[in-house]
Amino acid sequence: MGQTRYAAVVVCALVVWCLLPSAPAVATGSAATPVTQTAPIRPAQFYMGVASHLGDRKPRVSDGKLDGEIALTVLGATSLRDEAGWDMMDDPGWTDALKLVPKNNGKIMMLLNYGNPKYQEGGAFPDTPGERKAFLEYARALVARIGPSNLAGLEVWNEWDVYMGWGGGLGWNDPCPSDPNDAPGCPNLYAQLVESLIHPEREGLGVPSLRQAAPGVPIVVNAIAARNPPWTKAVMSRLRQRNVQVDGAVLHAYVHAGNGCPGSSRNPPAGAQVAANCMRLVADEVATAYGQRIPIYVTEVGWSTFSGTGGVSEDAQARILVEMYVRGRATGDTAGIWWYDLVEDRNNDPEEAHFGLIERDPSDPIRPGRTKPAGHAFGALAHFWADCTSVEGAYKDNRVFTLPCPDGERRIVLGATKEELDASMAQGAVLVDLLGQKPDVEAGGDVASLVGRPVGVIADLLPEIGEPAVLEADGPDGTVVGGPAKSSAGPPSHGVIRRFWLPASIAAAAALACGAAGFVLWRRRHGGRGAHRRA
């Protein structure tokens, strides 16, 4: 009797387990969710963005087009990350410059940042209720001028942990003005600002919240210059404790210097894989501290083409760009990545002056000039996957990634081999150079020019062009090296056992058998009598 009961219970348990939906793979580091959380606002698309400076500079014109129009039309960016600082609100010039973004079907990742001596008694922090109220009023006015529907998100401050803005802001080791016990970088003061923007009623500010001003727009926090685990933990833990719902966390994924990302290096500069690893790592750290997995917004990342230590060649910059966007999107944690920056800065620091996708016109530095190879690569990738919904493949190991798209499946191959390209051509594929420098190769064409490059594959019936592969090594500039690679078992499962789905007929039969077994046990237990009475 005991053995029969045990067997029936095991059968029923297995049936229920099989019928349940497959559990998604959850990255390590996620923790219990807050008691009263709401779901974060998630963008409907992945933003392939670029950082611009339209808001704090007069519009610059090239062939009748503003910088932003070049980014949105020629390069195919879907978002510009820009700003209109608190102290700029009295200058209408920035408004006209930013209007061109929605005019060209793009969205603005808008920075809310920096101080304003008109409203602050000193320092760079909004560190009193009155100053936080004034900052909220500025944020609401900015949203009203731009229009909520034109925003990809609202990023609360820029690199607060190392630079706080107007008036020679407090440095990393200075005490916070309102709380000497606050940690370096003033994370508690930052968290208080975020809370006051979202819940002004808690401080009695008498101003509608930023949520009311920008319904449906993600509010993005964790305003750090690079990976900073103690600061992130302090901010996100406090927001969790205070039950403040935010929609994303920021990372500036520079890895060519000591910035906290494991594997970062300056000589030679670390490459795209290190940046993608850092995106997943920070997503895990945010989830642990906040108790909820929220999207990561990589609002700055880039490599400089200056000639000194830490710089890369123009070809390497282009290759790193493609690999970084592909791997970063494949992590599944990123809502968007914004390359820094669009047009090279006018800067006395030669490294800072060479991050751009577009050079300045040497005869007129106000105007944009030559598009660099990285700009061509940005445009090629942006147009190749513009309507694709995701990138599937192990971000850490694969060279081959699958893209579900409305017209069928596409693929991206990093460092494509001749054998892989020939296999695709045999199926009538069209091959696209994702560096944007070689013409497309159609059926019967010569693939030699694309060997070793990042290649997009478009075909009705895509061939199997190899198992997911582990890269053998990065090149001296941090780029992918072409050639055969070791095979890999594919995307990691993060330790989650995947359940399987039973076909409907088998599932129904199994459920019926489970019910019959339970009925037999019940009959044996109760001898055919009526319902069991409670004692």
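The values are calculated or read from the model by the stated rules, or taken from the named source; none is laboratory data. Just so it is clear, the model here is predicted, and its values are computed rather than measured. Here Cβ is always computed from backbone atoms with ideal geometry, including for glycine, and neighbour counts include all displayed protein chains. Side chains are part of the model used for accessible areas, which takes the heavy atoms of the whole protein and leaves out ligands, DNA and RNA. Shrake-Rupley method; radii C 1.70, N 1.55, O 1.52, S 1.80 Å.
Values computed for the structure shown
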quantity	calculated
Region 259-276 residues near the modelled T309 label - backbone nitrogen below 16 Å, point 7 Å along Cα→Cβ	259, 264-270
³J(HN,Hα), Karplus 6.51/-1.76/1.60, whole Hz, each residue of region 254-263, x for Gly, Pro	6, 10, 8, 8, x, 10, x, 7, x, x
Exposure ranking of R240, R370 by accessible area [1.4 Å probe, largest first]	R370, R240
In Å², nearest 10: area of H199 left accessible to a 1.4 Å probe	40
Exposure of Y114 as accessible area (Å², to 10), given a probe of 1.4 Å and all protein chains	50
Net length gained if the chain between S237 and N347 were fully extended (0.36 nm per residue, minus Cα distance)	35.9 nm
Rounded accessible area of R145 (nearest 10 Å², 1.4 Å probe)	110
Eligible aspartates and glutamates near K418 by straight Cα distance, threshold 15 Å, same-chain separation 8 or greater	D433, E442, D446, E464
Accessible-area order (highest first, 1.4 angstrom probe) of the listed residues E137, E359, E420	E137, E359, E420
Per-residue ³J(HN,Hα) for region 306-316, Karplus 6.51 cos²θ - 1.76 cosθ + 1.60, θ = phi - 60°, Hz, x for Gly and Pro	6, 8, x, 4, x, x, 10, 6, 5, 5, 5
Ordering of 72-78, 347-353 by packing [mean C-beta count within 10 Å, highest first]	72-78, 347-353
Estimated distance in nm for a label pair at A426 and N104, the labels positioned 7 Å out from Cα along Cα-to-Cβ	4.4
